[in-house]
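Report on the structure given below.
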Amino acid sequence: MPSHGKATLQPTITIWIKLSLALLVLVGFVIFANRYVGHVLTIRNVDYFQFVEMGRASKIGGIEAWVHGLHPIGYPLLIRLGIALGFNATQTGHTLSIIGGIFLLISTYALTYRLTQDYWLSFFSELFLATTSLFLFYATLEGNDILSAGLIGISLVLLLNHPKHWYVYWAAGLLAGLSYLIRYTAIATSAICLLYLIGLAILSKYRENWKYVAAFAGGWVVGAALQLIPSLLVTGNPFYSIQGHNVWWHMAGLSNFATEWGLAPMNISLLEVFRADPWHFLDHWWRVFRSFWLSPDLLLLDTPLRLF
């Protein structure tokens, strides 16, 4: 009996050691981030001033102040909350990005483990992400990018849950909706997740899979409601944004927001941009996706490690 107890305890201890290594990566990242930006008093991201102003306007303005074509209201509300709690705007921005970085590291570890069932590969994947300059840049910069990515990352982890429960899919949808509330572009990943669940439901002979589709969609609507409702009331379109303008601008190869932003047609929709030149649209996004792997200035590690 004693020997059996030791045999049972040994794998448990090994698992906790491996999980502790993953935790050390998180701790190391937080220490680095605090030392890197903890003393910074200035705002480095020009767009962040607009977020701060939106947060201030959401308090003193009407519901129209909650609707903006480029940025949803979620991130400005978090800045407003941080300032109300006694932090300054810069500290709030840094804290939110660090939290987003933690979410993204956790989701990287969890996703890798769900796909491979290998603790060591999960640990090295998390460690690799934590050492990339692209991650470290956004995870310490005032802005909504990394927080939105972290939320959608946790959402993807929940989508791979086993055994299946409807409330886990609802939680996944909720996080994806919150990601949209932080950054409009999260709607692309959310739509892919929904299509994935619909595809599984169509291919499956079990009707209960449609319950998971409904749970994800319902959770998403709840998470994004703070933007969907004001947008509907003000513009008549719950998904109102001017992302088409933004994408057209980038596809045209423009780079100076101060002097060239007005060159793009303001009211063009994303669908219209796609219809105008589908191949250029797809090529643009493929180059954006590919740039992470092929641009040596984005990573601290060099080939072949950066291809990992």
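A few notes on this one:
- The residue that is nearest to the chain's Cα centre (by Cα), counting only those in region 107-122 that are touching a residue at least 40 places away in the same chain (Cβ under 8 Å) and under 16 Å from Gly153 (Cα atoms), is Ser107.
- Test: residue in region 206-223 that is more than 22 Å from Ile102 (Cβ to Cβ), outside any helix (DSSP H, G or I) and in contact with a Lys or Arg (Cβ under 9 Å, 6 or more places away or on another chain): yes
- Filtered residues of region 236-274 (kept if open to solvent by less than 60 Å² (accessible area, probe 1.4 Å) and part of a helix (DSSP H, G or I)): Gln243, Gly244, His245, Asn246, Val247, Trp249, Met251, Glu260, Trp261, Val273
- Failed item in (1) among the hydroxyl-bearing types (Ser, Thr, Tyr); (2) buried (at least 20 other Cβ atoms within 10 Å of the Cβ); (3) under 23 Å from Phe49 (Cβ atoms), with Tyr113 passing the rest: (3)
Yes/no matrix, rows are residues, columns are (1) within 27 Å of Val52 (Cα to Cα); (2) of a type in the set (Phe, Trp, Tyr):
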site: Trp120; (1), (2): no, yes
site: Phe123; (1), (2): no, yes
site: Ala139; (1), (2): yes, no
site: Asp145; (1), (2): yes, no
site: Ala149; (1), (2): yes, no
site: Tyr169; (1), (2): no, yes
site: Leu175; (1), (2): yes, no
site: Ser179; (1), (2): yes, no
site: Tyr184; (1), (2): yes, yes
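- Taken together, Ile202, Ile152, Ile192, Ile187 contain a single residue that is at pLDDT 95 or above, of a type outside the set (Gly, Ala, Ser) and in a helix (DSSP H, G or I), which is Ile152.
- Residues of region 80-97 that are open to solvent by 30 Å² or more (accessible area, probe 1.4 Å) and either part of a helix (DSSP H, G or I) or of a type outside the set (A, V, I, L, M) (or both): Arg80, Leu81, Ile83, Ala84, Gly86, Phe87, Asn88, Gln91, Thr95.
- Residue within region 170-184 that is open to solvent by 60 Å² or more (accessible area, probe 1.4 Å) and in a loop (DSSP other than H, G, I, E, B) present: yes
- Restricting attention to region 131-146 and to residues that are assigned to a helix (DSSP H, G or I) and either in contact (Cβ under 8 Å) with a residue 24 or more places away in the chain or in contact with a Pro (Cβ under 7 Å, 6 or more places away or on another chain) (or both), the residue that is most open to solvent (accessible area, probe 1.4 Å) turns out to be Tyr138.
A quick yes/no check of all residues on (1) in a helix (DSSP H, G or I); (2) under 30 Å from Phe128 (Cβ atoms):
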position: Ile13; (1), (2): yes, yes
position: Leu21; (1), (2): yes, yes
position: Val27; (1), (2): yes, yes
position: Ala33; (1), (2): yes, yes
position: Phe49; (1), (2): yes, no
position: Ala57; (1), (2): yes, no
position: Leu70; (1), (2): no, no
position: Tyr75; (1), (2): yes, yes
position: Leu78; (1), (2): yes, yes
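- Close Cβ contacts (under 6 Å, 6 or more residues apart or on different chains) running from residues in region 229-246 that are in contact (Cβ under 8 Å) with a residue 40 or more places away in the chain to residues that are open to solvent by less than 60 Å² (accessible area, probe 1.4 Å) and of a type in the set (Gly, Ala, Ser) comprise Tyr240/Ser231; Ser241/Gly69; Ile242/Gly69; His245/Ala264.
- Checking each residue in region 52-105 for being more than 19 Å from the chain's Cα centre (by Cα) and among the β-branched types (Val, Ile, Thr) picks out Val52, Ile60, Ile63, Val67, Ile83, Thr90.
- Verdict on Val40 being outside any helix (DSSP H, G or I), in contact (Cβ under 8 Å) with a residue 40 or more places away in the chain and surrounded by 12 or more Cβ atoms within 10 Å (Cβ to Cβ): yes
The values are calculated or read from the model by the stated rules, or taken from the named source; none is laboratory data. The structure displayed is predicted, hence computed values, not measured ones. Every residue, glycine as well, gets a Cβ built from its backbone with ideal geometry; the counts of neighbours run over all protein chains shown. Each accessible area value is taken on the protein alone, full model and side chains, heavy atoms only, with ligands, DNA and RNA left out. Shrake-Rupley method; radii C 1.70, N 1.55, O 1.52, S 1.80 Å.
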